[in-house]
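**Q** Please see the structure below; I have some questions.
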Amino acid sequence: MVVTCRAARAVSATALLAGSVVLGAGAAAVPSAAMTPSALSGPFVGIAPEADVSHHGHVLLWGAGLKVRVRTENHGPSSLTGVTVRVRTSVALAGRQELPQSCLRADRRTVLCRTGSLRADGVQERWLALELRLAGRPDEVVVRVDTLWNGGATDRNSRNSDHKVLAPATGDEYVF
């Protein structure tokens, strides 16, 4: 087998010790005895980074208005170039919405917002403030906040990034 210098550098020491790497489509796993940089060849894709994205904040419903505040952080171990936060409501949104520049409306009940890059140390946080109008005056609304995209990183702790909040129309803040 022939290996390029770039492919050899791409394989981490952890993958070599574990005896497995993620290979491109159609490639077969290489036994651990052959897992040396000089024995690697073929379409090497790499190992997916791991991150721990968290979303926390509050939801407030009054009349036809819905306020959603979200703080997004990354507790690592890998930094991320960006995250897309998805906010979905159980009630349809009104026709026109004034959204922050980093957000867009995906459908009648969904808003998507990008965060920008997030370092792995959890110190850097991104705030999202949405003032949404609903297509009626519901007595309550269920708001779901989760991560739609995180650059392909693995997040093994979805408990801090996947939330479902019931907000009665009391004007009180409901924390997640």
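**Q** Compute, for the stretch 37-175, the length of the dipole vector about the Cα centre, with Cβ point charges of +1 (Lys, Arg) and -1 (Asp, Glu) only. Units Debye, rounded to 20. Mind showing how you got there, number by number?
**A** On the way: 18 positive and 15 negative charges, 92 e Å.
Dipole size: approximately 440 debye.
**Q** Show me, for the stretch 118-134, the HN-Hα J-couplings you get by feeding each phi into the Karplus relation (A = 6.51, B = -1.76, C = 1.60, θ = phi - 60°), rounded to Hz, glycine and proline as x.
**A** 9, 5, 7, 8, x, 6, 7, 10, 10, 9, 10, 10, 10, 10, 9, 10, 8
**Q** May I pose another question? Taking only C-alpha pairs under 8 Å that are 6+ residues apart, what is the relative contact order of the stretch 74-113 in percent?
**A** Values: 33 pairs, mean separation 17.6, N = 40.
That works out to 44 percent.
**Q** Of all the accessible heavy-atom surface of the stretch 100-176, with the other protein chains kept in place and a 1.4 Å probe, what percent is carbon and sulfur? The partial results should precede the final answer.
**A** Details: 2200 of 4760 Å².
Here it works out to 46 percent.
**Q** Using every Cα-Cα pair within the stretch 75-142, state what percent have a distance larger than 15 Å.
**A** Values: 1306 of 2278 pairs.
Summing the P(r) tail past 15 Å for the stretch 75-142 gives 57 percent.
**Q** May I ask you to give the solvent-accessible area per residue for the stretch 118-176, in square angstrom, as obtained with a 1.4 angstrom probe?
**A** Working: 3620 Å² over 59 residues.
For the stretch 118-176, the per-residue accessible area is 61 Å².
**Q** Continuing with this model, one more query. Determine the sum of side-chain charges near LEU112: Lys and Arg each +1, Asp and Glu each -1, restricted to other residues whose C-beta is under 9 angstrom from that of LEU112. If you can, show how the numbers build up before the last one.
**A** On the way: positive: ARG86, ARG105, ARG114; negative: none.
Its environment carries a net charge of +3.
**Q** Under the definition of Cα pairs under 8 Å and six or more residues apart, what whole-number percent is the relative contact order of the stretch 77-176? Mind dumping the intermediate values first?
**A** Working: 174 pairs, mean separation 33.6, N = 100.
Relative contact order of the stretch 77-176: 34 percent.
The values are calculated or read from the model by the stated rules, or taken from the named source; none is laboratory data. Because the structure is a prediction, the values reported are computed rather than measured. In this analysis, Cβ positions are derived from the backbone assuming ideal geometry, glycine residues included, and neighbour counts consider all displayed protein chains. The area values use the complete protein model at the heavy-atom level, side chains included, leaving out ligands, DNA and RNA. Shrake-Rupley method; radii C 1.70, N 1.55, O 1.52, S 1.80 Å.
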